[in-house]
């Protein structure tokens, strides 16, 4: 007798679809319904680098405990893609449920006895009720969502309300969609009564949270931060950042009277031009940004060096994907850290920010613009595909109307007029390594200078005097020290253990979940790093622990490299916990990996009393 | 060159209509080779801005990398300058222009900077019709790296090394025409009477204005076998017509015999007067301009002067419909939607 998985508000469902078939909106309808039932939900779109016809999966984790990372494994699969059906069938967890289109019978090779089959003749139902081929395709997806509503005992009115709000402006689509939901619901009720042990019951656990993509939040952040110029080049998974920026600009930034735009978005000819546009606009006093992914960062490197050395603010969003080279363009990774931190030839260092959810994508974008202008240097938001392109449950977007932008050290016409001493573009008068800059056109007689990527003295004049050059480079390190005090501080939890866990970005969801489990048996401290350069708290945390697990989604432990390199700490302190398969790291992997290595550490390195 | 230019200027040096002497438009002392054509172009830019009564600080001069791109240091010292990276002047200028549409943008580039490494950016800035003056100081070689052929070196032309170029050359005027530039001109650094009116017209042109200036490299490419040397260029120039720039509301008149000249009116009321030569053609016809360049080239001549002129197209700001006020002047209050929009925005995401 097999043991069916039974769970309420705690399981994983995987949808196996063909891309371009309209499945994404149906699957989002499902995950949004879970959210609206007050149950925490995490959905991940696992899609191909293709427009139509290849396999795509959508994984939804329902978690009453509020775990939003990827769990690993799936308890229920909606297998409506013939191309992947064998694999979807084989990988289903024992005791799980295999939901399929029973218009065609399953192949004889499907002989598992440890799972429950749930056949719904989706094609037959569609053919019986719809004549137009396109509608048959679209409603087939809606019908399975309706069937799931029955199987999981979900409140049907939530789906009806979702459809009504989704099609508020296309009212004639409401009824047919609800009809499709009803068809699936009724069929399941008639044929699969009480066969599914998985339920989603109403709770009130989501408070005022929202569901948003990280890229949309970053684009919105750029609007709130006052960005007016965006130069960009399309690349997955960053494209939707600028698309969101445009959407929100059109909502909030069009002059009511003239209909003219208070923003300029230029799709450039390549990533070089995209960042060139940003540098030109920032040099000229506007807030400007671009968004790209790893290949774009490689192309932008020369310009990043120019901005670093000539001290021009740059806001760059790197939505990381799996590298190297073209890599897996539609899979996630945290593998651009070194390329971004030290982008460009010569001695360079760039400020990095590591948002962990969409709310933070918004906040870090706003902070990023401030930092870029305050520090007159590139700031790179290190998001990734998982964060950027998936819809995540997160805290609502907040804004303090009393907050004013930090535009940094920019001399006004009046300040230039009353300048006492000779102004030097690269003169450190405040001792923080940050000089004062001027914007073209400010003053008729004072403040003009020549910006160059060649070596320059404190007054922006070309120099080949090695002493002067070295002085400038050393001053940039003073500025770097200032940056350490301005960037977001790491989150530290616990202070007494000898073992610490370090993580950042999208590993946070799974790391937080894993820590809950690990802490039931071990005393473990944790630190989530939010920025590079590292603040003093990062060094203190490392020095306070004997063993440090560094959780990363790349092969070479790039954060560890940064920590060892920048803080000159002992590399042997660190234990790497890495995931590089392009899928978001899972809590179960972290628990297993850290537990195993913890045993090794504790058996080989006896702790001092 | 290693000499010191005296700071002394005649106390009664004439001033222009905004009270500035020519000194206000000069820059630092040139460090290019003595006799470099580029210095003549710098001088023509200085004279043009002086004559047009421009406020120097309302100009931004942007360049790439190379000998030509060094020149912005040598003119308009009161203007901000930006010596960016090789071949990328167009994108930096594009960004700068997006931030503040009210400045005059003078982009300076070379034949290597534009026709090779920066070809992509050149093509796309033309296509966007960015409101700027784009000057190529074209000497057919890479001066800073000691004289390698550039992509504008004519096939068969030999520089100081004496090896004729085996590749076909790129004609940047033809390219600009094909990509839709509103003003296309070619000149010679040694002909300031032609170059200055062209630069003035380019400054007044409300969109992308391109001037390819043949500018001999005296050190590496001024040989008898070079088609970019002084001797060859002087012997093979063929102008579209003598050209004069007449500012708006000006009293200046130029007397050409009836039927031998024609006026090109610019959008601000100023005029270009062209003395027709034998081979007159319609300057607002891309096809005619293209044909003329080819015809002259077949005779191994270099067509100079105003080659094409059409002000009808909207510039980048017009095309993407930005507000009249420079974007870099918009305040936080104007730009930030504030917390007021967030209730409905957050609600739409639940």
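For residue B:348 and residue A:49, what is the calculated FRET efficiency with R₀ set at 41 Å and r taken between the beta-carbons, to the nearest 0.05? Don't skip to the end; give the middle numbers.
Working: r = 30 Å, r/R0 = 0.73.
Here the calculated transfer efficiency is 0.85.
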Review point. Which shape class applies to the range A:212-394: rounded if a/c is under 1.5, otherwise prolate when a/b exceeds b/c and oblate if not, where a ≥ b ≥ c are the square roots of the Cα gyration tensor eigenvalues?
Key: oblate
Point to revise | chain A: angle of helix A:358-375 to the longest principal axis, Cα-based, in degrees nearest 10 | key: 10
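When only Cα pairs under 8 Å and 6 or more residues apart are kept, what is the percent relative contact order across the range A:212-394? Spell out each step's value before the answer.
Details: 435 pairs, mean separation 53.8, N = 183.
Relative contact order here is 29 percent.
If R0 is 41 Å, what FRET efficiency do you get for residue B:281 and residue B:17 from their C-beta distance, rounded to 0.05?
On the way: r = 35 Å, r/R0 = 0.86.
Efficiency, from the Cβ-Cβ distance: 0.70.
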Practice item. Return one number: the angle in degrees, 0 to 90 and rounded to the nearest 10, between the long axis of the Cα atoms of helix B:192-204 and the longest principal axis of the Cα atoms of chain B. Key: 20
Practice item. Any chance you could give the angle, 0 to 90 degrees and rounded to 10, that helix A:23-36 forms with the longest Cα principal axis of chain A? Key: 90
Check your understanding: Modelled label-to-label distance, residue A:459 and residue A:102, 7 Å Cα→beta-carbon offset: nm?
Key -> 8.8
Practice item. Express as a percent, rounded to the nearest 5, the fraction of DSSP beta bridges in the range A:212-394 (both residues included) that run antiparallel. Key: 15
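To the nearest 500 deg cm²/dmol, what mean residue ellipticity at 222 nm is calculated for chain B from DSSP H runs of n ≥ 4 alone, each contributing -39,500 (n - 2.57), summed and divided by the residues? Numbers along the way, then the final one.
Working: 12 runs with 101 residues, N = 350.
For chain B, the value works out to -8000 deg cm²/dmol.
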Practice item. Report the label-to-label distance for residue A:190 and residue A:422 in nanometres (one decimal), using points 7 Å from each Cα along the Cα→Cβ vector. Key: 9.2
Exercise for review: Would you calculate, for chain A, the mean residue ellipticity at 222 nm contributed by helices, counting each DSSP H stretch of 4 or more residues as -39,500 (n - 2.57) and dividing by all residues, to the nearest 500?
Suggested key: -12000 deg cm²/dmol
**Study point:** Distance from the range A:515-572 to the range A:73-150 (C-alpha centre basis), Å
**Key:** 44
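Please figure out what share of the DSSP beta bridges in the protein assembly as shown is antiparallel and state it in percent, rounded to the nearest 5. Could you put the intermediate results ahead of the total?
Details: 47 of 133 bridges.
If I count the DSSP bridges inside the protein assembly as shown, around 35 percent turn out antiparallel.
Tell me, what is the FRET efficiency for residue A:132 and residue A:199 to the nearest 0.05, using R0 = 51 angstrom and their Cβ-Cβ distance as r?
Numbers: r = 35 Å, r/R0 = 0.69.
Step by step, r from the Cβ atoms, then E = 0.90.
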Check your understanding: For the range B:221-246 and the range A:180-234, what is the separation of their C-alpha centers, rounded to whole Å?
Key -> 68
Check your understanding: When you look at the Cβ of every residue in B:96-105, what mean number of other chain Cβ atoms sits within 10 Å?
Key -> 6
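To make sure I understand, if each residue's beta carbon is the centre and we count other beta carbons within 10 Å, what order do A:247, B:228, A:262 fall in, fewest to most? Present the calculation step by step, with values, prior to reporting the outcome.
Values: A:247 15, B:228 28, A:262 18.
Least crowded to most crowded, the residues run A:247, A:262, B:228.
Can you pull the mean other chain C-beta count within 10 Å for peptide A:270-277?
Partner Cβ neighbours, averaged per residue: 6.
When DSSP beta bridges are limited to those with both residues in the range B:22-329, what percentage is antiparallel, rounded to the nearest 5? Don't skip to the end; give the middle numbers.
Values: 19 of 49 bridges.
Beta bridges within the range B:22-329, antiparallel portion: roughly 40 percent.
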Exercise for review: Using a 10 Å cut-off on Cβ to Cβ distances, tally the other chain neighbours for every residue of A:450-458 and report the average as a whole number.
Suggested key: 4
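Using a 10 Å cut-off on Cβ atoms, rank the peptides B:84-92, A:353-361, B:159-167 from the highest mean neighbour count down. Don't jump to the answer; show the numbers that get you there.
Working: B:84-92: 28.4, A:353-361: 26.6, B:159-167: 14.7.
Those peptides, ordered most packed to least, come out B:84-92, A:353-361, B:159-167.
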Check your understanding: Label point 7 Å out from residue A:477 along Cα-to-Cβ: which residues of the range A:498-541 have amide N under 17 Å?
Key -> A:533-534
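How do B:232, A:283 line up, fewest other C-beta atoms within 10 Å first? Could the numbers behind the result be given before it?
Values: B:232 21, A:283 28.
Fewest-to-most ranking of B:232, A:283: B:232, A:283.
For the peptides A:167-179, A:383-395, what is the packing order when you average, over each peptide's residues, the other Cβ atoms within 10 Å and list the highest mean first? Kindly include the intermediate steps, with their values, before the conclusion.
Details: A:167-179: 12.9, A:383-395: 26.6.
Taking the mean over residues of other Cβ atoms within 10 Å, the ranking is A:383-395, A:167-179.
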Review point. Tell me, A:319, A:367, A:439 in order of fewest to most beta-carbon neighbours within 10 Å?
Key: A:439, A:367, A:319
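Output the relative contact order of the range A:491-604, whole-number percent, from Cα pairs under 8 angstrom with separation of 6+ residues.
Details: 159 pairs, mean separation 34.8, N = 114.
Relative contact order, the range A:491-604: 31 percent.
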Revision key, fill the gap. For chain A the mean separation of alpha carbon contacts under 8 Å (6+ apart) over residue count, i.e. relative contact order in percent, is 12
Review point. Alpha carbon centre of the range B:60-95 versus the range A:1-65: separation in Å?
Key: 53
Check your understanding: With labels modelled as points extended 7 Å from the Cα through the Cβ direction, what inter-label distance (nm, one decimal) is found for residue B:58 paired with residue A:326?
Key -> 5.1
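We did not get these values from a lab; they are worked out from the coordinates using the rules stated. This is a predicted model, so every value here is computed, not measured. Counting neighbours? That spans all protein chains shown, and the Cβs are built from the backbone with ideal geometry, glycine included.
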